[in-house]
1. May I ask you to list the residues in the stretch 103-158 that are among the basic types (K, R) and part of a loop (DSSP other than H, G, I, E, B)?
2. When you go through (1) more than 19 Å from Y68 (Cβ to Cβ); (2) surrounded by fewer than 16 Cβ atoms within 10 Å (Cβ to Cβ) one by one for T171, which number turns out not to apply?
3. Name the pairs: first residue in the stretch 146-173 and closer than 18 Å to N186 by Cβ and without any contact (Cβ under 8 Å) to a residue 24 or more places away in the chain, second residue buried (at least 16 other Cβ atoms within 10 Å of the Cβ) and of a type in the set (G, A, S), Cβ to Cβ under 8 Å, at least 6 apart or on different chains?
4. For the subset of the stretch 106-142 comprising residues that are among the small types (G, A, S) and crowded, with 20+ Cβ neighbours inside 10 Å, which member is nearest to N87 (Cα to Cα)?
5. Just give me the residues in the stretch 57-81 being farther than 22 Å from D219 by Cβ and in a strand (DSSP E or B), in sequence order.
6. Within the stretch 84-139, count every residue that is of a type in the set (V, I, T), modelled with pLDDT of 95 or more and more than 14 Å from the chain's Cα centre (by Cα).
7. Looking at the stretch 159-176, which of its residues are touching a Gly at 6+ places or on another chain (Cβ under 7 Å), part of a strand (DSSP E or B) and β-branched (V, I, T)?
8. What single numbered condition from (1) under 13 Å from M127 (Cβ atoms); (2) crowded, with 16+ Cβ neighbours inside 10 Å fails to hold for N188?
Amino acid sequence: MNIADMVERATPAVVNIKSKIKVNSVVNNPFFNDPFFREFFGDNYHYDLSPQYETGIGTGFIITADGYILTNQHVIENAESITVQLNGKTEEMPARVIGKDRDLDLAVLKIEGSGFPVLKLGDSDLMRVGEWVVAIGQPYGLDHTVTTGVISAKGRPINIEDRSYKNLIQTDAAINPGNSGGPLLNLNGEVIAINTAVNVTAQGIGFAIPADTVREVLDDLLQGNDIIRPFLGVSMRDINEE
């Protein structure tokens, strides 16, 4: 099966995700431009408007015929509502969060319906550096964009803001904002990783969460669990004979 045939089979299971996120909007009150009132209330007086919202975009892919979807947790973080758009459709379907793992940056969503096309998780451990891979997503809102590349490296650790990722797959397949949560496929059309991050200061350096990492927590996510890992709150110091 060539790349075009594989993409044709895989694309129907890839979905666009929109999240509605509430943001605080603070503006200066024009009433206090008057010097008298500024002297009385101070230069920093402001007030909050009614709630404002931003729309985040990302990608996901359907893993069960009854509408369970895998994506990145950061795609839907703090979302008040989530919608999903299927390939070739104009309407947006409401989706709900079933389970999420912030540390691994994974989430499972659910849309209502049946008979959906699905993608299968492959074995990321079997993939070798230099093998061809294909990414499908909606970079900058350009839905179902296909890019190709190779696995550049495996086992990469990276830090992004307050997240620490481990054991990521590095690829030179183009990954851009909006690709997050989409599949990285082998030439058999199996998902070997979930596209997650890109080095914006360089070209051709993207990162994806291996399918084998996803598989470790997938059952818990499908059962509706939010996975929170405990940590040991102790500090270490050197000891001496005294």
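1. Initial filter on the stretch 103-158 (among the basic types (K, R)): 110, 120, 128, 154, 156.
Hits for the stretch 103-158 are K120, R128.
2. Answer for T171: the failing condition is (2).
3. Cβ pairs passing all conditions: V150/A173.
4. Looking only at the stretch 106-142, we keep the residues that are among the small types (G, A, S), and these are 107, 113-115, 122, 124, 130, 135, 137, 141.
With the extra rule that they be crowded, with 20+ Cβ neighbours inside 10 Å, the set shrinks to 107, 122, 124, 135, 137.
Working: A107: 20, G122: 22, S124: 26, A135: 15, G137: 11 Å.
Per the stated criteria, the residue is G137.
5. Scanning the stretch 57-81 gives I57, G58, T59, A79, E80, S81.
6. Of all residues in the stretch 84-139, those of a type in the set (V, I, T) come to 84, 90, 97-98, 108, 111, 118, 129, 133-134, 136.
Now restrict to residues that are modelled with pLDDT of 95 or more: 84, 97-98, 108, 111, 118, 129, 133-134, 136.
Those left that are additionally more than 14 Å from the chain's Cα centre (by Cα): 98, 111, 118, 129, 133-134.
Residues that pass the stated criteria total 6.
7. T171
8. (2)
The values are calculated or read from the model by the stated rules, or taken from the named source; none is laboratory data. Just so it is clear, the model here is predicted, and its values are computed rather than measured. Don't worry about glycine lacking a Cβ; one is built from the backbone with ideal geometry, like all the others, and counts go over all protein chains shown.
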